[in-house]
1. Among (1) of a type in the set (Val, Ile, Thr); (2) crowded, with 16+ Cβ neighbours inside 10 Å; (3) within 14 Å of chain A (Cβ to nearest Cβ), where does B:Ile238 come up short?
2. Counting only residues that are within 12 Å of chain B (Cβ to nearest Cβ) and surrounded by 17 or more Cβ atoms within 10 Å (Cβ to Cβ), how many does the range A:112-132 have?
3. Within the range A:62-76, how many residues turn out to be out of contact with any helix residue (DSSP H, G or I) (no Cβ under 6 Å at 6 or more places or on another chain) and either under 25 Å from A:Gly35 (Cβ atoms) or facing chain B (nearest Cβ under 9 Å) (or both)?
4. Here's a check for you: in the range B:275-304, which residue that is closer than 26 Å to B:Gly344 by Cα and among the polar types (S, T, N, Q) is nearest to the other protein chains (Cβ to nearest Cβ)?
5. Please verify whether the range B:252-274 includes one or more residues that are outside any helix (DSSP H, G or I), within 14 Å of chain A (Cβ to nearest Cβ) and touching a residue at least 40 places away in the same chain (Cβ under 8 Å).
6. I'd like the full set of residues that are more than 14 Å from the chain's Cα centre (by Cα) and within 23 Å of A:Leu68 (Cα to Cα), limited to the range A:185-208.
7. Determine whether the range A:28-48 contains at least one residue that is assigned to a loop (DSSP other than H, G, I, E, B), in contact with a helix residue (DSSP H, G or I) (Cβ under 6 Å, 6 or more places away or on another chain), within 14 Å of chain B (Cβ to nearest Cβ) and touching a residue at least 12 places away in the same chain (Cβ under 8 Å).
8. Can you name every residue in the range B:309-338 that is more than 20 Å from B:Asn423 (Cα to Cα) and modelled with pLDDT under 90?
Amino acid sequence: MAVSNWAVSIEDLGFRYPGNENVSFSGLNLQVAKGERFGLFGPNGAGKTTLMNLMTGVLKANTGSVKLLGNDVTSSDKAANRLFGFVPQDFSFYHELSPAENLEFFGAWAGLNKTQTKQRTDELLNILGLEDVRDKAVGKFSGGMKRRVNLAIGVLHSPEIIFLDEPTVGVDVHTRHAIMDYLQILNNNGTTLIYTSHQLSEAEDLCKHIAFIDAGQIIAEGDIDTVLQQHSHETLEELFINLTGKALRD
Amino acid sequence: MFKLWITIKKDVRILLRDRVGIALMFLMPIVLVVVVTSIQNSTFQLVNKNKLPAVVCNLDAGKSGGQLIKDIDRIGLFKVITLPGSNADSLTAYMDKNDAMLGIAIPANFSEKVSAKAASSADKAMAEFNGTPDSLNAPPPVIDPLTVYYNPVLQQSLRFSIQGAIQSALQLVESRQTLRTLYYNTNEKEMPEALEKEMLSADSKINMIPASKDGTHTTPNAAQHNVPAWTIFAMFFIIMSLGGSVVREKVSGSFIRLKTLPTNYMVGIMSKQLTYLVVTMLQAAVIFSMGIWLFPAVGLPALNIPNDIFGTFVVTIVCGWCAVSYAICVGVFAATHEQANGFGAISIVILACIGGLMVPSFAMQGLAKTLASFSPMHWCLEAYYSLFLEGAQLKDILNNIIPILIITLVFQLVTYIGLKRKNLI
């Protein structure tokens, strides 16, 4: 397995959806350091989710490369897939199963053995406040509980990098705090966080580094304080409006 | 192996919690096989055991009309009901009122014409014996036809059987009368009854024996025909659950997450194949058990299990695997749950039709017969029929099993190509 100082290294990335004439990305370069808390922002349709899917290997780039800790994310040996966890915006689990059953299944697919899965399941259900409902079908859970199950599955195999696509959308304040606190703990232990959200105030609390993308291009990138200073804004929201305009996006 | 085992556990859990899916996979075929077997058994009994009610209106005043009624009754196919003092109109009115299947009207001058024809034939025969010219030298009188009214629901094949049976009774009446006249003209006395009986009864019997491969003489019944056929239909009907399951996983977020994990999705496909293969085996076990134990309890003929149990097991596994492969193939290509269910259900009914489940494939001609060989259900049914009806052994049905395996491998290959093209593996 390759080793790199970069958690994520994107070089000369080009991508276009099949059958779509518009190019999503062309010659994109981006590096995220190990142990970073990195925020990726942009308006609707800017390409955040596409970039997230390219970084996690869900989509294959037409040109260039995406490497996670030096490992090509599209390599057939799936070595890179052991290094990261993904928390998609959708509830990506089986609603007929309980949290424990979901974790048992996804743990095995993430490469954990029976003992490791059980140990991590007990630990995560306890941390995320799901211990009392561990054997109940997830389909009957509230939105906040489902978000916590979604997060638990993404971090189950203790990955070195975690991709989080709007992990707190649609949850109450308590759940948001619980999730953000847990992410902070993971980062303190060395886990790299790659995060997208429309909750910019939340992002200001969590992220150290940020990148704004629009129309497949990175339009601002760097340490959060430096970027704000460079553009003479006090908040990410002001900066966001300044960079992307006030026109509605679909 | 651990990943596969955990994935099978996941699939079994989801399956067991899908009560509608289980009902579709088990209850629907059970109801179907009982209903269809009951209906077909009634038809079999109508033809083979129960006598067909025949309402007879005898307008003839002589003896031949009565004799004809007795001869029709002796055939054993009909339960004769005579309408005294009736005419053709009252006969059809009676049929209409009582939903009768058959009405026979014997013409008014039947005896007179039969006697005249017998006399004519006897005269000709005597003239031939004596070498003298025919004294009457006239064409034989024509007997007015019998009129047979039938309910239009009677199938053509049954109508032909009825016509043949009545024709033989008519032939007997005429032959008897000719024989009696000839005997009287020769001996100037009545023909002894014993002699008449000896001359008119057929000593050459017909033995009806089913041609089986193992030499057993089990008579095929509605259960032997329907249980294997609807078991195959049930196996393929798992598309409603399995096809939907593949689509649900594909279009739901869980699939995106599965793609990011260091495990090939083929593990997921293999798990579904094994899980649902067991389901098809259970379906066969349940439906066969019903045929053996439940059918006799509700008055239906019991299912006789073939002598070659291992062969039956092999055919069931091969059919199940083919059904599972087809369901997964449809699931991989369908974009929505509705597409999978709609296409799945319609395609199964079409494959069942061209495969001979609804209309026997031996009755098909030309293009329909060619199409049948493309339906996996056709080969499955042929294999089961060889075992259940012909007493075949495994070696005898390899020519049916090989096409099923080829079709299954085609489904598997198409599934693999589909997964690759859609970037799912």
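1. Of the numbered conditions (1) of a type in the set (Val, Ile, Thr); (2) crowded, with 16+ Cβ neighbours inside 10 Å; (3) within 14 Å of chain A (Cβ to nearest Cβ), the odd one out for B:Ile238 is (3).
2. Total satisfying the criteria: 2.
3. Residues meeting the conditions: 8.
4. Among those that are closer than 26 Å to B:Gly344 by Cα and among the polar types (S, T, N, Q), it is B:Thr275.
5. Within the range B:252-274 (the criterion being outside any helix (DSSP H, G or I), within 14 Å of chain A (Cβ to nearest Cβ) and touching a residue at least 40 places away in the same chain (Cβ under 8 Å)), the answer is yes, since at least one residue qualifies.
6. Hits for the range A:185-208 are A:Ile185, A:Asn188, A:Asn189, A:Gly190, A:Lys208.
7. Here is the first cut: in the range A:28-48, the ones assigned to a loop (DSSP other than H, G, I, E, B) are A:34-36, A:42-47.
Pick out the ones that are also in contact with a helix residue (DSSP H, G or I) (Cβ under 6 Å, 6 or more places away or on another chain) and you get A:42-43.
From what's left, within 14 Å of chain B (Cβ to nearest Cβ): none.
No: zero hits.
8. The answer is B:Glu338, and nothing else.
The values are calculated or read from the model by the stated rules, or taken from the named source; none is laboratory data. Note that the structure is predicted; figures quoted are calculated from it, not measured. All Cβ positions, glycine included, derive from the backbone under ideal geometry; neighbour counts span all protein chains shown.
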